[in-house]
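The values are calculated or read from the model by the stated rules, or taken from the named source; none is laboratory data. All figures in this text were calculated on a predicted structure; none of them were measured in a lab. Positions of Cβ are backbone-derived with ideal geometry, glycine not excepted, and every protein chain shown enters the neighbour counts. With ligands, DNA and RNA removed, areas are computed over all heavy atoms of the protein, side chains included. Shrake-Rupley method; radii C 1.70, N 1.55, O 1.52, S 1.80 Å.
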Amino acid sequence: MSSAATLQERAAGLFGPVSSRHTDLSVVRAEGARLWTENGREIVDFASGVAVTNVGHNHPAVVQAARDQMDQLVHAGHNVGLYPSYVTLAERLVELVGDGQKVFYGNSGAEAVEAAVKLALRATGRPGLVAFKHSFHGRTIAATALSASAAAQRTGYSAALPAVQHVDYPSPFARGATVEEEVKRCLAQLDEVFALTLAADEVAAIVVEPFQGEGGYQPAPAEFLRGLRERADRHGIVLVYDEIQSGFGRTGSMFFYEQLGVAPDVLVLAKGIANGFPLSAIVASADLMDRWPAGAHGGTFGGNPVACAAALAVIQVLQSGAMDNARLRGEELMTGLRSIVDRLPMRAQVRGAGAMIGVELRRQDGGTAGDMVSALRRAALERGLLLLACGPDKTTLRLMPPTTLTAEEATRALAILDDALTEVLPSVE
Ligand SMILES: Cc1ncc(COP(=O)(O)O)c(C=O)c1O
């Protein structure tokens, strides 16, 4: 008698190609930095559900907070009435971001980006938007319009997308330039947009990832954000930081912009905020929020009680040592990765902060090396380490373990990568 069908077999006829996946794993259980597959494999997870389970899969404190909340109230509808976790989380977010801020909740990253854009359009009464090449902001219409990380994501939708001017994002390694040269070049490009195609006083918002995610795990230089901040202030433009991927402890601080010392007008949060429960938020100055009138935006599920309770536990865990651990493990991983990629006859840059690390590989002539990254990912997964890729041609290996990664797991991951490199090295031309 044939054994029961696997999840992959059952899924084969159920989903279209749009529901594509990075691997053919079938995951049945997960804990911390490990997951277990349907066929019993244990995998060290450096994907974290794409930078979501920032304090580790099924963190006991988060699961307990969600359970306790479920015993009390699963849904009330924030449009219908207030409930404790909705208010308490907003209080905590305002404490984290700073006095004089207000909060709006959504369910996903794209939805929060959409909210930030609508807030900026409504509060300024201006039509224009500026974003950056290689950025990714999500899949709703406004978020797709802001994104410029792959034409495939926009194809067929262009008629519906609002106009956005895209400017280069500093990428010193890829361009073989210094950080200073890149910052100057990208800001000059923005000034040229203002001068030639979209007057600055027509711009509602500049939307930027302080640490570009899908675009190649590329942290912004502080000087670049200072340049954006200065232009936003000069022209009355709303500066929006999309920290959906880099926020909530991932980089070793609650938000990455804190490490750069340049604050936004609107902070957009999702992914790790509730460690896997769907929740997003925008946090913006009261001055802006108070110019967004009742009825101008809304939604049924935003700020769900269980997701808010989970987020409160996430903050507690992050502040009780997980962010310190992320910084420590991040340094160990980056040191180990540098000595591993030194063996490659390629140009390589290891960069990042905390548990957000990219390894960009380039051929000696500067060309991308997505094939090598893909071979490394495959060899690593065979050995029990799950890694994703990002950036142009997927030429950057992307490490996003939980902030709670143990020293033993970090060592194991480095050993697997080292071994994977030994396997793929002979194929490097
Ligand atoms: C920086 C950034 N913004 C927005 C999004 C979209 O978030 P979601 O997939 O939850 O809509 C993502 C998702 O990868 C992201 O990395």
>> Using only alpha-carbon positions, what ratio does the radius of gyration of the range 380-429 give when scaled by 2.2 N^0.38 Å?
In response: 1.25
> So how strong a dipole does the range 60-316 carry about its Cα centre when Lys and Arg Cβ are +1 and Asp and Glu Cβ are -1, to the nearest 20 debye?
Replying inline: 460
>> Run the helix sum for the chain: -39,500 (n - 2.57) per DSSP H stretch of 4+ residues, divided by residue count, reported at 222 nm to the nearest 500 deg cm²/dmol.
In response: -11500 deg cm²/dmol
> From the cross-link list Lys118/Lys271; Lys184/Lys271; Lys118/Lys394; Lys271/Lys394, which pairs have alpha carbons spaced over 29 Å apart?
Replying inline: Lys184/Lys271; Lys118/Lys394
>> Per residue, how much accessible surface does the chain expose to a 1.4 Å probe? Answer in Å², no decimals.
In response: 42
> What number comes out for the charge environment of Ile141, summing +1 per Lys or Arg and -1 per Asp or Glu over other residues with Cβ under 11 Å away?
Replying inline: +1
>> Need one number: nm distance between label points at Ala163 and Ala195, each 7 Å from Cα along Cα→Cβ, rounded to one decimal.
In response: 2.0
>> I'd like the FRET efficiency for Arg185 and Glu408, computed as 1/(1 + (r/R0)^6) with the beta carbon distance as r and R0 of 35 Å, rounded to 0.05.
In response: 0.20
>> Using the alpha carbons of the range 297-404, what is the convex hull volume per residue in cubic angstrom, as a whole number?
In response: 156
>> Suppose every Lys and Arg Cβ carries +1 and every Asp and Glu Cβ carries -1, with no other charges. What dipole size does the chain come out with about its Cα centre, to the nearest 20 debye?
In response: 500
> For the charge dipole of the chain, defined by +1 on Lys and Arg C-beta atoms and -1 on Asp and Glu C-beta atoms about the Cα centroid, which residue among His235, Thr178, Val207 has the Cα displaced farthest towards the positive pole?
Replying inline: Val207
> Which ³J(HN,Hα) values in Hz, rounded to whole numbers, follow from the phi angles of the range 28-36 under the Karplus curve 6.51 cos²θ - 1.76 cosθ + 1.60, where θ = phi - 60° and Gly and Pro get x?
Replying inline: 10, 7, 8, 7, x, 9, 10, 9, 10
>> If you average the alpha carbon positions of the range 196-258 and of the range 126-169, how far apart do those two centres end up, in angstrom?
In response: 15
> Within the accessible area of the chain, what % is carbon and sulfur when the probe is 1.4 Å and the other protein chains stay in place?
Replying inline: 53
> With every protein chain kept in the model, how would you rank Thr88, Thr53 by accessible area, 1.4 Å probe, largest at the top?
Replying inline: Thr88, Thr53
> Normalized C-alpha radius of gyration of the range 60-316, against 2.2 N^0.38 Å?
Replying inline: 1.00
>> If you average the alpha carbon positions of the range 264-295 and of the range 29-74, how far apart do those two centres end up, in angstrom?
In response: 24
> Roughly what would the spin-label model give for Leu73 and Ala152, points 7 Å off Cα along C-beta, in nm?
Replying inline: 4.4
> Which FRET efficiency value, to the nearest 0.05, do you get for Thr300 and Arg139 by plugging their Cβ-Cβ distance into 1/(1 + (r/R0)^6) with R0 = 22 Å?
Replying inline: 0.70
> Using heavy-atom solvent-accessible surface (probe 1.4 Å) with all chains present, what is the largest-first order of Asp290, Asp418, Asp365?
Replying inline: Asp365, Asp290, Asp418
> What is the log10 of I(q)/I(0) for the chain, computed with the Debye formula using one identical point scatterer on each Cα and no solvent, at q = 0.10, 0.12, 0.13 Å⁻¹?
Replying inline: -0.70, -1.02, -1.20
